[in-house]
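Participant: The following block contains the structure, expressed as structure tokens.
Here, each number is a calculation from the coordinates, and none is a lab measurement. Predicted model only: the values in this text are computed from it and were never measured. Ideal geometry is used to build each Cβ from the backbone, glycine not excepted, and the neighbour counts take in all protein chains shown.
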Amino acid sequence: MALQINATNPEHPALLLELPWHLPLEEWPDKYLVPLPRGISRHVVRYARAGDEVIAVKELAQRPALREYELLRDLDRLGIPAVDPLAVVTGRTGPDGEPLECVLITRHLGGSMPYRSMFETTMRPATMHRLMDALAVLLVRLHLAGFAWGDCSLSNTLFRRDAGAFAAYLVDAETGDLHPELTRGQREYDLDLARVNISGELLDLEASGALHPSVDPIDFGTEICARYQELWKELTRTSVYPAGKHHYIERRIRRLNELGFDVAEMQIEHASNGDSVTFVPKVVDAGHHQRQLLRLTGLDTEENQARRLLNDLESWMATQDDYAPGDPLGARPEVLAHRWVREVFRPTVRSVPPELRGQMDPAQIYHELLEHRWYLSERAQHDIGLETAVEDYIQRVLPKRREPLRSTEE
Ligand SMILES: Nc1ncnc2c1ncn2[C@@H]1O[C@H](COP(=O)(O)OP(=O)(O)O)[C@@H](O)[C@H]1O
Ligand SMILES: [Mg+2]
């Protein structure tokens, strides 16, 4: 059988041909290899250079190789964070004419680390919680897309620290299965496997002295499942909102925030019986919102203000006709953000008379207006709108604020 390279990109086969396919992967000379840390695996896995790219090469039988390649392509189409499949090489033969195993090639996920390397310096429990949250987000996203992993574990996940955010990526899809939708039983089975795998991996780390003494491997496995359940519930419960939906959406975003998750993306679909809203969750690190708001709008604020303002900006963006995250034809987030500054943020802040603003800067005023709107809407059990909130804030809140100030001046 002749050597055959099936690739997703037509430029790759030529680059890949330069690699020593006639040698078992374990015998590849160093000049082809890139020495980066690897996780634990059943198969032989090596990193190699192909043109400007670093690729991960995994040796396995033909059927599972083709299957994993197709599954990774499906995950890519579904927008799930997973390694990119590049090619499958079949028909390899050794110098003696003996057939060699197939290989699956994926793009090395830049900036990623296998969990063992991350734990080498004994990770603080708080950081560990963020990583586990990222893994819970990944599993929820896979399940929402109908993918049963079959082997969710730390070894089959890569973690990336990206602009203050932690993201988990699926690296091993071999045992996975894609369905139109998962049953509760399928999800729970998958989750149970994750719990057992993760607790086992943490026990191994504990035995090698790499685990923070305050972390209990068994409790931690259970905790991941609890995080998954909270997130699943918050994301999937009935999500059709009546008109004047703003308040309901904000309530759900706040609940996600309280659970420690952020909304990375939001989609509002208009239907005759109301609007249905989908959220894509994300785990973020301290200072993330501040940097994000600064980058998008130029507003330099405190972290809590930034979180509140970004939520408002996100909800507003989702109502704009040209909002299409991930679509090159949609408006860029920066463009929408500037429109929001011009059409919403500034006019709202300006409507507060300067003499009532005191020491507050525009971001603080806007933040307080959003809080006030939230407070009044909760009381009214529906969204009272920004304009009403602004009026009430000017008439009732700000004058009271100034009184104690004046009395101390007198
Ligand atoms: N595209 C990739 N980018 C970065 N690391 C990778 C990539 N593919 C594989 N690896 C590393 O190799 C390890 C083993 O890969 P995996 O697909 O899980 O093999 P196995 O099926 O044998 O378990 C992973 O834990 C990861 O550290
Ligand atoms: Mg694996």
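Participant: Please find the FRET efficiency linking Ile394 to Leu78, where r is the Cβ-Cβ separation and R0 is fixed at 56 Å, and quote it to the nearest 0.05.
Facilitator: Rounded to the nearest 0.05, the efficiency is 0.75.
Participant: Could you order the peptides 51-63, 132-144 from most to least packed, using the average number of other C-beta atoms within 10 Å per residue?
Facilitator: Values: 51-63: 16.5, 132-144: 23.7.
Descending packing order for the listed peptides: 132-144, 51-63.
Participant: Moving on to the next point. Report, in deg cm²/dmol and to the nearest 500, the calculated mean residue ellipticity at 222 nm for the chain, where each DSSP H run with n ≥ 4 adds -39500 (n - 2.57) and the sum is divided by the residue count.
Facilitator: Calculated mean residue ellipticity at 222 nm is -14000 deg cm²/dmol.
Participant: Just to check I understand the Karplus step: with θ = phi - 60° and J = 6.51 cos²θ - 1.76 cosθ + 1.60, what whole-Hz values come out for region 2-10, glycine and proline as x?
Facilitator: Working through the residues one at a time gives 7, 4, 9, 10, 9, 10, 7, 10, x Hz.
Participant: Provide the descending list of Cα extents for the chain along its principal axes, expressed in whole angstroms.
Facilitator: 96, 50, 42
Participant: Taking the Cβ of each residue in Glu223, Glu188 as the centre, tally the other Cβ atoms inside 10 Å and list the residues starting with the fewest.
Facilitator: Lowest count first: Glu188, Glu223.
Participant: If you don't mind, there's one more thing I want to ask. Anything in the chain that counts as a DSSP H helix reaching 24 Å or more along its axis (C-alpha) with Kyte-Doolittle mean of at least -1.0? List them, would you?
Facilitator: Values: long enough: 125-144 (28 Å, 0.96); 184-207 (34 Å, -0.55); 217-236 (29 Å, -0.39); 362-380 (27 Å, -0.83).
Both cut-offs are met by 125-144, 184-207, 217-236, 362-380.
Participant: Work out how much length Asn304 to Glu181 would gain on full extension: take 0.36 nm times their residue separation and subtract the Cα-Cα distance, in nm to one decimal.
Facilitator: 40.6 nm
Participant: Report the Cα-based extents of region 10-142 along its three principal axes, largest first, to the nearest Å.
Facilitator: Each principal axis gives a Cα extent; for region 10-142 these are 53, 33, 27 Å.
Participant: Which ³J(HN,Hα) values in Hz, rounded to whole numbers, follow from the phi angles of region 87-98 under the Karplus curve 6.51 cos²θ - 1.76 cosθ + 1.60, where θ = phi - 60° and Gly and Pro get x?
Facilitator: Using θ = phi - 60°, the values come out as 6, 10, 10, 10, x, 7, 9, x, x, 8, x, 5 Hz.
Participant: With each label point set 7 Å from Cα along the Cα-Cβ vector, what nm distance links Glu269 and Arg63?
Facilitator: Label at Glu269, label at Arg63, 3.7 nm between them.
Participant: For a test of understanding, tell me how many lysine pairs in the chain have Cα atoms under 27 Å apart, given they are 8 or more places apart or on different chains.
Facilitator: Taking the chain as the scope, the lysine pair count is 4.
Participant: To continue, here is another question. Among Ser377, Ser214, Ser208, Ser315, rank each residue by its count of other Cβ atoms within 10 Å, from fewest to most, as a rough exposure measure.
Facilitator: Ser214, Ser208, Ser315, Ser377
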